[in-house]
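Here you go, one structure.
The values are calculated or read from the model by the stated rules, or taken from the named source; none is laboratory data. Remember, it's a predicted structure, so these values are computed and weren't measured experimentally. Here Cβ is always computed from backbone atoms with ideal geometry, including for glycine, and neighbour counts include all displayed protein chains. Each accessible area value is taken on the protein alone, full model and side chains, heavy atoms only, with ligands, DNA and RNA left out. Shrake-Rupley method; radii C 1.70, N 1.55, O 1.52, S 1.80 Å.
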Amino acid sequence: VQLQASGGGLVQAGGSLRLSCAASENILSINVMGWYRQAPGKQRELVANITTGDGKNYADSVKGRSIISRDNAENTLHLQMNSLKPEDTAVYYCFAVKYGLTGYISWGQGTQVTVSS
């Protein structure tokens, strides 16, 4: 699957952004989708993921401020991020995991989120 991330930008602390990740195939066939982020000089960290069963998992750093969702009709993954903090500044990468013999792990190209104080 090909993934196209969008929605990043420059926002002031306390603001909101909605990241989107459009998939090239029916996401109902994808077991897990989510977002990682990588800040300069830091390791990539998991932000949130969601399963086909709508199970959701969030990093402690974004829990309560972010909502991950899947739009199955549009084959798109979303991440609503609220009350943004400067420490949320990073490149955000969406990913997709499909299990099984024809399984794969795919990554989007990344979208930059910059939060100014």
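Using packing as a proxy for protection, rank 52-60, 24-32 so that the peptide with the highest average count of other Cβ atoms within 10 Å comes first.
Answer by packing, highest mean first, reads 24-32, 52-60.
What spacing in nm lies between the two simple spin-label points modelled at residue 32 and residue 82, each 7 Å away from Cα in the Cβ direction?
Placing both labels 7 Å beyond Cα along the Cβ direction yields 2.7 nm.
Give the whole-number value, in cubic angstrom per residue, of the convex hull volume spanned by the C-alpha atoms of the stretch 17-117.
On the way: hull volume 10.2 nm³, N = 101.
That works out to 101 Å³ per residue.
How big is the accessible area of residue 111 in square angstrom, nearest 10, if you roll a 1.4 angstrom probe over the protein chains?
So the heavy atoms of residue 111 present about 20 Å² to solvent.
Next up: Mind giving me the nanometre distance, one decimal, between the label points for residue 25 and residue 101, set 7 Å out from Cα along Cα→Cβ?
1.5 nm
Ok, one more. Extending each Cα 7 Å along its Cβ direction at residue 112 and residue 63, get the distance between those two points in nm, one decimal.
For the pair residue 112/residue 63, the computed spacing is 3.2 nm.
Any chance you could run the full-extension gain for residue 71 through residue 16? It's 0.36 nm times the residue separation minus the Cα-Cα distance, nm to one decimal. It would help to have the intermediate numbers written out before the result.
Working: separation 55, 0.36 × 55 = 19.80 nm, distance 1.95 nm.
In short, 17.8 nm is gained.
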